[in-house]
Structures are given as C-alpha cells and as structure tokens.
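Please read the structure below before turning to the comments.
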Amino acid sequence: MGPFHKDYIGKREKTLTDFKGNLGNYKILKTEDNTETVWSEFFDEACHNLSGAYEETIYNYIQGCSIPDLLARKSKIAVLDVGFGVGLGLKALIDQVQASKNHTISLSYYSIELDETLMLWSLRTTLPGLVLKRIEKEQGLEKLVFYGGAWQESNKKIEVQIYIGDGRLTLPLASRLSLIKPLDAIFQDAFSPRKNPTLWSVEWFLFLKSISSQWVQLSTYSSSVRIRKSLLAADWIIEDALGFAHKKSMTKAKITGETSADLLLRMTRSPSLEIRDK
Ligand SMILES: C[S@@+](CC[C@H](N)C(=O)[O-])C[C@H]1O[C@@H](n2cnc3c(N)ncnc32)[C@H](O)[C@@H]1O
C-alpha cells in the first residue's frame, strides 16, 4: 500500500484554467452540453466531441456497451475505460449506478492514463469528493503505480483502479497481478488511431480479448476501416452503428456472434490495412 495523499481527494476548483501536465499543455474547452473537455497539446486532439462531452460519453459508451441493461441483469460488473482523460467515463458510470433500480451493485472500474497530472486534475474537477490512494505494487523488477479506492452508496459500490503509465505495459502487469476481473464492457476511447496507434493494434485487441468475459461488449467512437480490420484480425465480431451527433458511424464489437456479410464485404473492398505493433 502506498502513502495516502489528501491532495488526491477530488475538490472542484472554482474556475477552470488551462494547465500544464506531464505530457504538455491542456486547454479547457466548453462543449455544447455545457460540460468541459480538454485539448491535449501532446496528441493535438481534444478528448471529446465538441457537440457534448458528457452526452457523447453516454451515447458511445454507456449506451454503446448496454450498461443500463447490464446493471439491470447483473450485480457484479467489470468495466475498462481506455484512457481516463477528464474522467467522464467514470462520472457517467457513477450516475448510471446511482439511477439503477437494482439495489445491489458491485462494479469494478479499471482505467489507464499516461499523464498523472491530467488524471489528478480530472479527479478534482470531474469527481469532487472521490477519495483515491496512490498505490505501488511490485512484481520482480516491474512496478505498477495506480490510484485505487471506491465510491459507495448503500449497497451500490464502484471499486476504482486507474493505472498510471502506458496501458500497453500497465494493464498486462495488472492482469498478471490478478487485479482485473473478466471484463463485461470496454470503453475504447483512446485518441485517434493516427495519433495513438498502439491502442488500436491487433495485438492490443488480442490482449483485451484475453482479459474479457465471453459476453464482453466493446464500443468506440471510431469507424475507421483500419481499426475495424484490427478488431477482425484479433477475432472480434464487429458491428456498424450510428455515430454521435454529426458522426455517421461508430463501431461496436463482441466475441460471440457473426459479423454481417455486408460489413465484411465493405472491409475487404478497402485497401487499408489493420494496425500492427512495429
Ligand atoms: C480521448 S481521452 C479519454 C477520455 C476519457 N474516456 C473521458 O471520458 O474523459 C484519451 C486518454 O488516453 C490517454 N492515453 C493515450 N495513450 C495512452 C497509453 N498508451 N496508455 C495510457 N493512457 C493513454 C491520454 O492521455 C488521454 O487522457
């Protein structure tokens, strides 16, 4: 167990100002549903669609992964949020669990984040009141740093673990340390495949499959042929869905079932290739 720093208790700042993280500057952007996101200088991208950061999270991930249905059917659920960003994935999950008619819920929430300073800013800003401890676990020469804790309201509980560093390394280590329960839902919300290719590769999707339950539902805002081909090459079943706001389409994926013949044909007609680790 690492030391407990009371600074990590989310306490909302009165006025939000642009700030510097470990990876460069972040600019705060107000989106059309009045919620904030950040633009990252390092990736040169915003974390959300400017049509509405919270609404996009609800559409792409809460509805995309059928979270209301999962909460109605199951009392134990495990969710991976690929990229903590400004913490809206966790905020939306807390809101759903609070609103759920199911009285007993135990949800395990896992996330990865490269930029620790951004993550701390997001806890203070998006999740005021949530108390997380900085924990370090070692296995041989490897060290896993994460923020762990829980949100609880009567019999509803969300256990939170946010792994700091490159998710390509931290998530496999967390899995080897037996910290991760089989995933029921994956919010695949990395920056775009062009800017952040390692979180869209065949090898990444193979790994995600290896830590998932057979009923897992993955959802992502991206409809790029390359990421769809990565998912197919990693033996995921893919589905085309209507995108959020002005986006024509997005992608959902599962492990069981079949990809439609029409979608497979569209994929084979495109010369774009899947993304592979170098
Ligand atoms: C689009 S944002 C995620 C938004 C987030 N789901 C939310 O609701 O606020 C992507 C995040 O992934 C993080 N990221 C990018 N590459 C990463 C990596 N290899 N490992 C861990 N985090 C990474 C970025 O720093 C960024 O915060």
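Values in this text are rule-based calculations from the coordinates and carry no lab data. Here the structure is a predicted model, which means the values were calculated and not measured. Using ideal geometry, Cβ is built from the backbone for each residue, glycine included, and neighbour counts are taken over all protein chains shown.
Worth a mention:
- In this rough spin-label picture, where each label sits 7 Å from Cα along the Cβ direction, the Lys157-Lys27 distance is 4.4 nm.
- Cβ-derived FRET efficiency at R0 25 Å, Gln214 paired with Leu263, nearest 0.05: 0.70
- The value of relative contact order for the chain, using C-alpha pairs under 8 Å at least six residues apart, is 17 percent.
- Counting only lysines at least 8 places from Lys137 when in the same chain, those with an alpha carbon closer than 18 Å to its own are Lys181.
- Descending by average beta-carbon neighbour count within 10 Å, the peptides 256-266, 54-64 line up as 54-64, 256-266, the highest first.
- For Phe191, Phe19, the sequence from fewest to most other C-beta atoms within 10 Å is Phe19, Phe191.
- Residues Lys137 and Lys20, FRET efficiency given R0 of 30 Å [Cβ-Cβ distance, rounded to 0.05]: 0.55
- Cα-based Kirkwood hydrodynamic radius, the chain, one decimal, Å: 19.1
- Semi-axis lengths, Å, segment 1-151, gyration tensor of Cα atoms, sqrt of 5 times eigenvalues: 24, 22, 14
- Annotation for segment 20-90 versus segment 161-212: alpha-carbon center distance of 16 Å.
- Spatially proximal aspartates and glutamates relative to Lys76 (Cα-Cα < 15 Å; intrachain offsets below 8 disregarded): Glu159, Asp184
- Here the calculated FRET efficiency for Leu273 and Ser75, from their Cβ-Cβ distance with R0 = 45 Å, stands at 0.60, rounded to the nearest 0.05.
- Three semi-axes of the equivalent ellipsoid, segment 136-278, Cα gyration tensor, whole Å, largest first: 29, 18, 14
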